[in-house]
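Accompanying notes for the structure given below.
The values are calculated or read from the model by the stated rules, or taken from the named source; none is laboratory data. Everything numeric in this text was worked out from a predicted model, so none of it was measured. FYI the Cβ positions are ideal-geometry reconstructions off the backbone, even for glycines, and counts take in every protein chain you see.
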Amino acid sequence: MRCDFQRWCDMFAGSGAIGLEALSRGAKEVVFIEQDRSAYQIVKNNIETCRMQNQSVLIQDDALSHVQNKEHGLFDVIFMDPPYDYDLKSLVDVLVKRPWYDKDTLFVFERRASEDMTWCDEHFIMIKQRKVGQSQYVVAKIRV
């Protein structure tokens with residue numbers, strides 16, 4: 001899949017692998033958000049190793065706090081892979097009230113395979129849902 005000229009947000013970035021993959025496939029910019037200090041350093045090192053500093057914005061912050069208080073313009077893709085015990089619905093309830101997306105933005109969620117994702121119906125139209133091992137991936141667009 002090509003990501004030509006897209007702006008991505010890799011929220012709960014971990015190692016930064018998803019955002020770096022998007023950059024390698026043509027994304028013009030990725031905003032990486034990671035709260036954990038050691039994971040933040042790993043993302044930073046990986047961005048530098050891949051020489052992607054000019055296309056990357058790296059932020060060490062809590063996702064909910066950051067969404068409530070900062071604006072980055074519109075994203076084409078918002079990827080969220082929080083810890084499985086994280087209250088993703090509460091974050092999404094705040095995010096959908098912020099100017100981070102438009103009607104074409106893709107939201108991608110990675111969650112535990114057994115998690116009921118019907119709460120997404122409140123804000124999103126599900127495009128695809130796939131279970132792989134212990135995880136599930138949901139691709140959705142905002143309801144307009």
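Annotations for the structure displayed:
- Just one of the listed residues (Ala17, Ala22) is touching a residue at least 40 places away in the same chain (Cβ under 8 Å) and among the small types (Gly, Ala, Ser), namely Ala22.
- Selection status of Leu74, assigned to a loop (DSSP other than H, G, I, E, B), aliphatic (A, V, I, L, M) and either without any contact (Cβ under 8 Å) to a residue 40 or more places away in the chain or in contact with a Ser or Thr (Cβ under 8 Å, 6 or more places away or on another chain) (or both): yes
- Of the residues making up the stretch 54-71, those that are of a type in the set (Gly, Ala, Ser) and either in a loop (DSSP other than H, G, I, E, B) or in contact (Cβ under 8 Å) with a residue 12 or more places away in the chain (or both) number 2.
- Residues in the stretch 45-74 that are under 17 Å from the mean Cα position of the chain (by Cα) and of a type in the set (D, E, K, R): Asp61, Asp62, Lys70, Glu71.
- Selected residue [in a strand (DSSP E or B) and either modelled with pLDDT under 95 or within 16 Å of the chain's Cα centre (by Cα) (or both)] from Val94, Val31: Val31
- Selection status of Ala140, buried (at least 17 other Cβ atoms within 10 Å of the Cβ), more than 13 Å from the chain's Cα centre (by Cα) and closer than 18 Å to Cys9 by Cα: no
- For the stretch 118-144, a residue qualifies if it is more than 19 Å from Ile18 (Cβ to Cβ), out of contact with any helix residue (DSSP H, G or I) (no Cβ under 9 Å at 6 or more places or on another chain) and among the hydrophobic types (A, V, I, L, M, F, W, C), and the qualifying residues are Ile125, Ile142, Val144.
Rundown of residues vs (1) touching a strand residue (DSSP E or B) at 6+ places or on another chain (Cβ under 7 Å); (2) of a type in the set (Ser, Thr, Tyr), yes/no style:
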| position | (1), (2) |
| --- | --- |
| Ser56 | yes, yes |
| Gln60 | no, no |
| Lys70 | no, no |
| Pro82 | no, no |
| Thr105 | yes, yes |
| Val138 | yes, no |
| Arg143 | yes, no |
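- Pair list, Cβ < 9 Å and 6+ apart or interchain, from the stretch 27-39 residues that are without any contact (Cβ under 8 Å) to a residue 40 or more places away in the chain to residues that are hydroxyl-bearing (Ser, Thr, Tyr) and in a loop (DSSP other than H, G, I, E, B): Ala39/Ser15
- Flag if Arg51 is of a type in the set (Lys, Arg), outside any helix (DSSP H, G or I) and on the phi > 0 side of the Ramachandran plot: yes
- Against the conditions (1) within 28 Å of Asp116 (Cα to Cα); (2) among the β-branched types (Val, Ile, Thr); (3) buried (at least 21 other Cβ atoms within 10 Å of the Cβ), Val94 satisfies every one except (3).
- Residues that are over 11 Å from the mean Cα position of the chain (by Cα) and crowded, with 19+ Cβ neighbours inside 10 Å, drawn from the stretch 75-91: Leu88, Leu91
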